[in-house]
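The structure appears right after this line, and notes come after that.
Every read-out reported here was derived from the displayed coordinates using simple, explicitly stated rules and does not represent laboratory data. Keep in mind the model is a prediction, meaning the values are calculated, not measured. Backbone-built Cβ (ideal geometry, glycine too); neighbour counts: all protein chains shown.
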Amino acid sequence: MGMNIGSGPGSGDQDVMVDINTTPLIDVMLVLLIMLIITIPIQLHSVNLNMPQGAPPPQQKEPVVVTIDIDFDGSVLWNGQMLADRAALEANLSRAAAEPDQPEVHIRPNKLVEYKQVAMVLASAQRLGVTKLGMVGNEQFVK
């Protein structure tokens, strides 16, 4: 650290000039920054998955597919047949969930149907234990 105070008390120059030498401070900060960058471990942005080895076993039979259509007015069709009410839907869903090899349930809502009708079917399927559930025809909702 250097300081220039002047030539003495008897001189005519009364201005005090104080300069701090910041070069060593900057050098120390740069060294600390480099050390910090070196010591931080490299973060890998990947997820490790245990993938199955070999070919999958061949399917014994084709899966059974049940299609539930929800029309624009909220009416529900089970494989093309109109269901009378929610109780009939839940009876069919409970029968499908009770089978040892559950069928795949494909829900195909109309573009104009209210979401609460679709949510009702999804909630009933989940509550009754249907595990193979999928939405079909989502490309109609892309604008």
- Task: Measure nothing fancy, just the Cα-based angle from helix 23-39's long axis to the longest principal axis of the chain, in degrees from 0 to 90, nearest 10.
- Result: 30 degrees
- Item | Long-range HN-HN contacts of Val105 with modeled amide H, under 5 Å | Val66, Lys132, Leu133, Gly134
- Item | Charge dipole of the chain about the Cα centre (unit charges at C-beta), most positive-ward option of Gln117, Thr67, Pro24 | Thr67
- Note on the structure: If Thr39, Thr131, Thr67 are placed from fewest to most neighbouring beta carbons inside 10 Å, the sequence is Thr39, Thr131, Thr67
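For a footprinting-style exposure proxy, rank Ile107, Ile42, Ile68, Ile34 by other Cβ within 10 Å, fewest first. Walk me through the numbers on the way to the answer.
Working: Ile107 19, Ile42 4, Ile68 24, Ile34 10.
Sorted ascending by nearby Cβ count, the order is Ile42, Ile34, Ile107, Ile68.
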- Taking the Cα atoms of segment 65-141, report the difference between the largest and smallest coordinate on each principal axis, in whole Å and largest first. 35, 26, 21
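What does DSSP give for segment 36-143 in terms of the percent of beta bridges that are antiparallel, rounded to the nearest 5? The partial results should precede the final answer.
Values: 5 of 14 bridges.
Of the beta bridges lying entirely in segment 36-143, close to 35 percent run antiparallel.
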- Item | Equivalent-ellipsoid semi-axes of segment 52-91, from the Cα gyration tensor, Å, largest first | 35, 11, 9
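Taking the Cβ of each residue in Ser75, Ser124 as the centre, tally the other Cβ atoms inside 10 Å and list the residues starting with the fewest. Mind showing how you got there, number by number?
Working: Ser75 14, Ser124 18.
With the fewest neighbours first, Ser75, Ser124 line up as Ser75, Ser124.
Just add up the charged neighbours of Gln81: K/R +1, D/E -1, any other residue whose Cβ is under 15 Å from the Cβ of Gln81.
Values: positive: Arg95, Arg108; negative: Asp69, Asp71, Asp85.
Value of the local net charge: -1.
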- Note on the structure: For the chain, the longest principal axis of the Cα atoms and the Cα long axis of helix 86-98 enclose an angle in degrees, to the nearest 10, of 80 degrees
- Task: With no solvent and one equal point scatterer placed on each C-alpha of the chain, evaluate the Debye formula and give log10 I(q)/I(0) for q = 0.19, 0.20 Å⁻¹, two decimals.
- Result: -1.12, -1.17
